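This report concerns only the one structure given below.
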Amino acid sequence: MEGCAPEITANGDWIDLRAAEEVNLNAPFANQLHKHNSVKFRTLEFDTALIPLGVAMQLPAGYEAVVVPRSSTFKNWSIIQVNSQGVIDQTYCGPNDQWRMPVVALNATQIQKGDRVCQFRIQLSQKATFWQRLSNLFCSGIKIKLVDELSNPDRGGFGHSGTR
């Protein structure tokens, strides 16, 4: 997606990712009053979102990506990535397998299209073969090649591998 290309910068080891669209999140709010035995309480409801990151990519064989918030993400938007970190394996590489950042808002916030909300690194997968591990020793770094489309089969989109 235009304006969302991953950025390799000289002053960081991780690669920044940007929000692909504007996302508005509401502050948590207390729900209706409940009573259990003699205790009264309210449940809290939190606003959540899957922030689209505007990229789908084919990782090299034997590698995976780890997606985490940037150090300034909570300070700037009061959001927390709900799964602490996201792991994207090399089979999540179809044209509709867009990367997303699942978040929960602790305050009302607005994320603008193009805001750098998270970062990722590419690392060897636990399934990497001996030869993939050996070639990693001689790798001279990461290079990103931008393409107009991916021709791999879709895995079904974000979070599609199921619950069981």
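For the range 66-111, give me each residue that is without any contact (Cβ under 8 Å) to a residue 40 or more places away in the chain and either of a type in the set (A, V, I, L, M, F, W, C) or more than 26 Å from residue 28 (Cβ to Cβ) (or both). Step through it out loud before you land on a result.
Quick first cut of the range 66-111, residues without any contact (Cβ under 8 Å) to a residue 40 or more places away in the chain only: 71-72, 74-76, 78, 80-90.
Residues satisfying the conditions are 74, 80, 82, 87, 88, 89, 90.
Looking at (1) more than 17 Å from residue 142 (Cα to Cα); (2) surrounded by fewer than 18 Cβ atoms within 10 Å (Cβ to Cβ); (3) of a type in the set (A, V, I, L, M, F, W, C), can you tell me which one residue 61 breaks?
Only one criterion in (1) more than 17 Å from residue 142 (Cα to Cα); (2) surrounded by fewer than 18 Cβ atoms within 10 Å (Cβ to Cβ); (3) of a type in the set (A, V, I, L, M, F, W, C) is unmet by residue 61, namely (1).
For the range 22-34, check the following and say yes or no: at least one residue is assigned to a loop (DSSP other than H, G, I, E, B), within 23 Å of residue 153 (Cβ to Cβ) and in contact with a Leu (Cβ under 6 Å, 6 or more places away or on another chain).
no
Could you pull out the residue among 91, 129, 109 that is among the hydroxyl-bearing types (Ser, Thr, Tyr) and touching a strand residue (DSSP E or B) at 6+ places or on another chain (Cβ under 8 Å)?
109
Read the figures in this text as sums done on the coordinates, not as results from a lab. Values in this document were obtained by computation on a predicted structure and should not be read as measured data. Here the Cβ is made from the backbone with ideal geometry for all residues, glycine too, and neighbour counts use every protein chain on show.
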